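Report on the following structure.
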Amino acid sequence: MDAATQGRIHLELLSLIKPKLELGDLLILYLEQLGVEFVFGVPGGAIEPLYNALARSERRGGPRAIVSRHETGAAFMAHGYFSNSGKLAVCCSTTGPGATNLLTGVASAYENNVPMLVITAQTALSKFGRGALQESSDTAVNTVGMFQHCTGYNSLISHPDQFERKLVAALMQAIYTQTPSHISIPVDILRRPAEISKTSYQIGELLDKSSLTDETAVDRLYDLLVNSKKPLFVIGDACTEGVASVLQVAGILQALIITTPNGKGLVSPYHPMYRGVIGYAGHKDAMQTISDPAVDLIVAIGTSLSERINNGRDIHSYLTDRLVHIEEHEFRFARSPMAKMHIRGNIASVFGRLLEQMYRADNVKKVFSVGGSNKIYLENFRAAEKNLQRHFELDQPQECLSNAKPIKPQRLLTELPELFPSSTIYLADPGASMCWTVHYLHPKDRRISGERERRTNLFQSSMEFSSMGWSIGASVGVALARPDNPVVCIVGDGSWLMCGQEITVAKQHGLNIIYVILNDSALGLVKHGQKLANAEAIGYELPKVDFCKYAESIGIKGYLIEKPDDLKKLDINKILKARQPVILDVHIDPDEIPPMRARITALQEN
């Protein structure tokens, strides 16, 4: 047998030998336990062992890599994936600038209570302190130190024996506290052979959340509700999984309903008791409702009561002695010390318990003497589902009907839900596009009452940290998590010029996302904010960009929208059937001022 044949046989035999598990593979096995499907990031030399493990994982049908164009986009994608799947957000980067690029996305996740595993690499331990390329140890650009302020768990893994213990601690901390956990792993440790061939812990069992509720507290809440003459429910984004029960309780009691900006996609705009959005770019009817002295009980559910729901104005005077705050996580109670009652518990369980109480034989008569007969309650909702009328007013309603060219933003945002199916998920980017969207866009959601799918918030934004470009990356995560729902991303041209490259990820993976770019050649919130505040007009101008040509350059469709008739000419069925993203380049009236006056007033008062 010649040497060439011997060599070939040797290689074939080696290929039959199962490769030994590395620590990177062990990490992936833990993600698989949690049902994680995607790891978002950008490859690099120091993180290469993790990508080797991801390649092996993808071949066997396990978690796979989604490569963003910038690490911040990876964190935004992971955020969108969690919010629509309920599965842990995971993002990763190489050492040095890869890690620092992640920071904005991780900070955004931290402020928006997203459980996220953040994995960054380090140069080899033996190179610490020696000025290695992209070194980010504690004697160089200390990335672990940087993540300290936007994570709940943050640690360097400096020895293989720490790996599994610290990984499990990071996972548990992220999920229990709804915050990002960061582990930084030197490349030589990440590629070390694992001493075990499977995970030591069944972490899924450790993380099973109890749905137990404080029955005594819920009984007290029940008494408050049925004895209230005019209750009001304030629904926040953390109600996602329990909103069906919340709406049933509200319906039985005929309680008025308002939502936070992040919670607006959980309630049909046609609900007969809905009075709009409170706070940032919200509706006057919502503010009048919460300040109405006849409202004797305000039940805030799944909201941190942050500045975004009051535009910096003091609404706490309206809440004193009337507020009940219901949350799954205690830290949100920090902003409601004035509440007469705090209830910590799973929202679906709390309201499921209330429904049991309401339908208990001894209580039926008492409950319906407050909210009206069950027959009337059902008839009201059935009529609402047919009539589709809103019970709150929009600012500048005449502009919602304008046929002007360039198109009025008010007309655009009220028209969009008429074009797309009722199951469409809308994302709004921070800036003027968020103001326009919060106030004027109302998904055509007919589900007044009854059960819903889990995690069906039809309107999503990154309200707390408000990172420009968030929606562009997050829409990729949303589309991966919810492939059967159309996804519409509404974003300004300023944000697009900052982060628009992530559309190529959507193209690469055949994701049907409609990117609606509000094109006015300006940083709109800056421009109009300066005008309203009588400040110097500076730094808001952007160059004129033809986003249809941009779309053409990357091989996708782009449509120019200058007037309402251009919207009507769109073949929406064709657009929705395309296995690729689409750009709508919408030339909006640059002189229209977003609904931001209350925000400017609040800034000037500080």
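The values are calculated or read from the model by the stated rules, or taken from the named source; none is laboratory data. Since this is a predicted model, take the numbers as computed values, not measurements. Don't worry about glycine lacking a Cβ; one is built from the backbone with ideal geometry, like all the others, and counts go over all protein chains shown.
Structure data summary
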quantity	calculated
Residue within the range 118-136 that is of a type outside the set (A, V, I, L, M), crowded, with 19+ Cβ neighbours inside 10 Å and under 29 Å from P430 (Cα atoms) present	yes
Positions within the range 421-455 being at pLDDT 95 or above and charged (D, E, K, R), in sequence order	D429
Count - residues of the range 303-339 that are modelled with pLDDT under 90, farther than 24 Å from N112 by Cβ and in contact with a strand residue (DSSP E or B) (Cβ under 6 Å, 6 or more places away or on another chain)	0
The one condition in (1) over 14 Å from L224 (Cβ atoms); (2) in a loop (DSSP other than H, G, I, E, B); (3) at pLDDT 85 or above that E356 fails to fulfil	(2)
Subset of the range 383-407 [modelled with pLDDT of 70 or more and charged (D, E, K, R)]	K386, R390, E393, D395, E399, K405
Matching entry among V234, V226, V218, V187 (being in contact with a helix residue (DSSP H, G or I) (Cβ under 8 Å, 6 or more places away or on another chain), within 14 Å of V350 (Cα to Cα) and touching a residue at least 24 places away in the same chain (Cβ under 8 Å))	V218
Subset of the range 150-197 [among the hydroxyl-bearing types (S, T, Y) and modelled with pLDDT of 95 or more]	T151, Y153, S155, T179, S181, S184
Strands (runs of 3 or more DSSP E) within the range 84-182 that include 2 or more residues hydrophobic (A, V, I, L, M, F, W, C) and in contact (Cβ under 8 Å) with a residue 24 or more places away in the chain	89-93, 116-122
Where L232 falls short, out of the listed (1) surrounded by fewer than 19 Cβ atoms within 10 Å (Cβ to Cβ); (2) not in a helix (DSSP H, G or I)	(1)
